[in-house]
Amino acid sequence: MKKLLSVLLVLSVFAGLFSLSGCGGNVAHIDAEKLIGNYDVEELRGTQMNFYTWGEYISDGSEGLPDVVADFERITGIKVNATTYASNEDLYAKLKAGGASYDVIVPSDYMIERMILEGLLQKPNFENIPNYRFISDEYLDLFFDPSNEYSIPYTGGMVGLIYNTTRVTEAPDSWSVLWDETYAGDMLTFNNPRDAFGIAQCLLGQSLNTTNPDDWYAAAEKLKEQKPLLQSYVMDEVFDKMEGGEAAIAPYYAGDYLAMAAVNPDLAFVYPKEGTNVFVDSMCIPVGAKNKAAAELFINYMCEPEVALANAEYLRYLCPNTAVLEDERYTLKGNPILYPTADFKTEYFHNLDQDTLDLMSKLWNEVKLA
Amino acid sequence: MKKTSLRAKILNAPYIVWAILFILAPMFMVVFYALTDRSGSFTLQNITALAVYKETFGRSIGYAAVATAVCLLIAYPLAYIMARSNASKQRTLMLLIMLPMWMNFLIRTYSWISILANTGIINSLLRALGLGPVQLINTPGAVILGMVYNYLPYMILPIYSIMCKLDYSLVEAAQDLGCSSRSVLRRVIFPLSLPGVVSGITMVFVPSVSTFYISQKLGGGKFLLVGDSIEMQFQTSYNYNLGASLSLALMVMILVCMVVMNRFADEDEGAIIL
Amino acid sequence: MTGRKKVLPNLYIALIMLFLYAPMLVMIVLSFNSSVSTSVMSGFSLKWYAEVFRDRTTLHALYNTLVLAVFSSLIATVIGTVAAVGLYGMKKKWLRSMVLTVTNIPMMNPEIVMGISLMLLFVFVGNLVGKTDVLGFPTMLIAHITFNLPYVILSVLPKLRKIDPHLAEAAQDLGCTPVSAFFKVVLPNISSGIITGLMMAFTLSLDDFVISYFVSGPQFQTLPIVIFSMTKKHVKPDMYALSTLIFVSVLLLLVIMNISQDRAEKKRRA
């Protein structure tokens, strides 16, 4: 018993040592001089704010990029408690229940729509967010926040087909390749119903937000047809499986393709002609935020050209900040995959009504049992 | 004897209070959700909707049963060997068995993917030997392997902790009386170690039935288990009511399985579970 | 024992260790891989280790994880052991069965159900006492103790069944108080069960993600939450490096402990 206790204690000491040694090293910093806004707000010094975001979404000081949250703390004297979630639904459950207050969150489009509908978000004072002017018009007036009162776009992306050119010789141009028997056992698809159904719906020419049960039944039939040809249903495992050549074709986000292609140059990417799903993740302030002033300051900071550049480089997703899009230092500037010039159909996910959601989960269960 | 009973009451008090607050109260909420609809009025709709899931339940229980049996087969001899080793070896082995579980679950599982994948370690070796690739990942076998890997220590440790205080003079006595080593095992060692075995089975079977992620990652998401279905109700369809009713049904089924198992095991030991 | 008799058991142990440690080996190898991918080997690199020591958030989360695991497993072990002793002494069979069934609930409740139901409970109680941000270290501690308890009870109870019930009584007849009878007679006999339970509780607590996610607040994040929330994108190899560091430290500790124990034993014999 004593021995065991000492093991546990020594472990904790190890952890303490680790956390002490965490400082130092040559990391890039955000230069306070280059910031446009005023971040020296006396009354906010020493206060705290809670920032709740996706994992791996904010430049954290790796890859020679600045640690933007630490720099915000250094410049403003506000302590940021940054925590992370893995899905919109996790975030929703947490926010809906209460018990914890968050000052800034970054939900996706359909979730913002739902949260506004259920009164979970409050309107920021845009006078305190002057850098909002950098947000490109393309990201304004979107369906989930038609008069731009609640959300400040942070990033976005589109789903496309990633394929391995050594295994797929003929470049695919349609989602139908995911039903092609030539690649049986070599294909992956999303392991969540909304995205998996979305692909079948694109192929069938339906809306991604159809509420017609017949449409959903038809899409489910399509997915049942596809199941025997699939290697597996995946989420983040898609990275390893595509990079290592375990699978030949998979749908995933364009920005993530860029990360995969950096590891495996044999990978190629295409937006299928039937159109695809597009998403936007925006910064919002939930009802019950304890430090709204700091939240607005933080959002303004995240829209700073210098900060947005660091985040865009780190995340490799779409950047809605016009200053970054014009910046010569932005390595993804005009990237044909991230910023395609050709016009094709794109559709956002909207918040579905409960009956449709129930039908979808029932049909997904059937697909998995097939 | 009355005295003991009074003391037992005092000893039990903290745990019973704890159980009422943090086990029964949340449990009551699960029952409440399962028997109501979204507006909070009473309905049996969530219970009748379970019919769709009978195959999922069957599969989950089947996989968990196989995983439990494999764990028992592997763990029993190991626990015996451990218990008969010297003290310092015992301590080391115990820590060695737990240590892998201290690493993050996702990282452990991803490592298994690297081992089992078609382009993974085992298949690369097989290919080098000219034995061709074998489909290992995305099979029911891989899911069961994941369960065995994650829960094996919970089978080994309770059996070991019973065996190390086992009275080996009984074993010797049986041998002296002419018992073959097989019948010593069957008639002496096994019955004596039964409480540990029952604990171990509970601690492996119960979490295996309700697990999720393992089937998603190692089974390629092709085999939906109950845990995955429940997670989906909470995560994608915001249907807490159906999710609650699914988990309630799961609990009832686990209890039934446990009662059946206990009847097989030993009448007296039935009290461990029920 | 003859030499041959010892080979088989050792071979068996070795095989099981191979099974348990194969993924650990993969983890260690991948932590030195310079590629960001875990499926492409592209040369030796220490950069993920540099990354671990640079990343304050992760290290802080590791610290939180260990603190939580130590406290929750210790408290659960105390409550669970006392409960097991009490349960064993319970004379009403139906009551005992009932309590034991309740004990199993945290094990059979899928994690997400337990996570969300505990979260709703904490928030409800929080609202009652007018506290809007109730979620944090205390709620996590309570949740972890709760799911650790059945493992402790199920490890201790079988040991109690093996003790001669007259032993404690005999001790009392010989002049021991009930409390000292417990510490002198019962406790030594169930110690291996208690340690087993403590080990299991510590292990479970270290690795819990789902329940922790729902009952945690903005000020207290553990390592599993950090790692699992990377799953929209990519679990980065610095997590492999961090795990390798933890793994190697514990292993080293084990070896040192063993050597010093062996020395102490030799000294005693000499």
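Would you mind listing the helices (runs of 4 or more DSSP H) fully within the range B:1-90 where at least 2 residues are in contact with a Cys (Cβ under 7 Å, 6 or more places away or on another chain) and surrounded by 15 or more Cβ atoms within 10 Å (Cβ to Cβ)? Helices (runs of 4 or more DSSP H) meeting the threshold: B:54-83.
Of all residues in the range C:110-150, those satisfying the criterion of being part of a loop (DSSP other than H, G, I, E, B), more than 21 Å from A:SER87 (Cβ to Cβ) and either of a type in the set (A, V, I, L, M, F, W, C) or within 19 Å of the chain's Cα centre (by Cα) (or both) are C:VAL129, C:VAL134.
Taking C:GLY80 and the conditions (1) assigned to a helix (DSSP H, G or I); (2) small (Gly, Ala, Ser); (3) within 11 Å of chain A (Cβ to nearest Cβ), which numbered condition does it fall short on, given that it satisfies the others? Of (1) assigned to a helix (DSSP H, G or I); (2) small (Gly, Ala, Ser); (3) within 11 Å of chain A (Cβ to nearest Cβ), only one is false for C:GLY80: (3). Residue check: B:GLY221 meets all listed conditions (1) within 14 Å of B:ILE144 (Cα to Cα); (2) within 7 Å of another protein chain (Cβ to nearest Cβ); (3) in contact (Cβ under 8 Å) with a residue 24 or more places away in the chain; (4) over 18 Å from the mean Cα position of the chain (by Cα) but one, namely (3).
Examine the range B:120-137 for a residue that is assigned by TED's automatic domain parsing to the domain that holds B:SER161 and within 23 Å of the chain's Cα centre (by Cα), and state whether such a residue exists. Within the range B:120-137, one or more residues are assigned by TED's automatic domain parsing to the domain that holds B:SER161 and within 23 Å of the chain's Cα centre (by Cα).
Within the option set B:ALA83, B:ALA87, B:ALA51, B:ALA117, being of a type in the set (A, V, I, L, M, F, W, C), under 30 Å from B:LEU255 (Cβ atoms) and in the same structural domain as B:ILE254 (by TED's automatic domain parsing) holds for one residue only, B:ALA51. Checking each residue of the range A:78-87 against the condition of being more than 7 Å from every other protein chain (Cβ to nearest Cβ), under 15 Å from the mean Cα position of the chain (by Cα) and either at pLDDT below 95 or part of a strand (DSSP E or B) (or both) gives no match.
When the range C:200-221 is limited to residues that are more than 22 Å from A:LYS94 (Cβ to Cβ) and surrounded by fewer than 24 Cβ atoms within 10 Å (Cβ to Cβ), the one that is nearest to the chain's Cα centre (by Cα) turns out to be C:THR203.
Do we have C:VAL185 as in a helix (DSSP H, G or I), among the aliphatic types (A, V, I, L, M) and at pLDDT below 90 here? Yes, satisfied.
Condition check: modelled with pLDDT of 85 or more, facing another protein chain (nearest Cβ under 7 Å) and touching a Lys or Arg at 6+ places or on another chain (Cβ under 9 Å). Does C:LYS91 satisfy that? No, not satisfied. Does C:PHE53 fit the bill of being more than 30 Å from A:VAL27 (Cβ to Cβ) and within 13 Å of chain A (Cβ to nearest Cβ)? Answer is no for this residue. In this entry, A:LEU352 passes the filter for residues that are closer than 30 Å to B:LEU224 by Cβ, in contact (Cβ under 8 Å) with a residue 12 or more places away in the chain and outside any helix (DSSP H, G or I). For the range C:128-137, the criterion of being away from chain B (no Cβ under 11 Å) and aromatic (Phe, Trp, Tyr) is satisfied by at least one residue. Residues in the range A:79-117 that are closer than 18 Å to A:TYR301 by Cα and surrounded by fewer than 22 Cβ atoms within 10 Å (Cβ to Cβ): A:LYS79, A:VAL80, A:ASN81, A:ALA82. Within the range C:12-40, the set of residues being under 21 Å from B:ILE74 (Cβ atoms) and touching a residue at least 12 places away in the same chain (Cβ under 8 Å) comprises C:MET24 only. Within the range B:191-246, being surrounded by fewer than 24 Cβ atoms within 10 Å (Cβ to Cβ) and in contact with a Cys (Cβ under 7 Å, 6 or more places away or on another chain) holds for no residue.
The values are calculated or read from the model by the stated rules, or taken from the named source; none is laboratory data. The structure displayed is predicted, hence computed values, not measured ones. Positions of Cβ are backbone-derived with ideal geometry, glycine not excepted, and every protein chain shown enters the neighbour counts.
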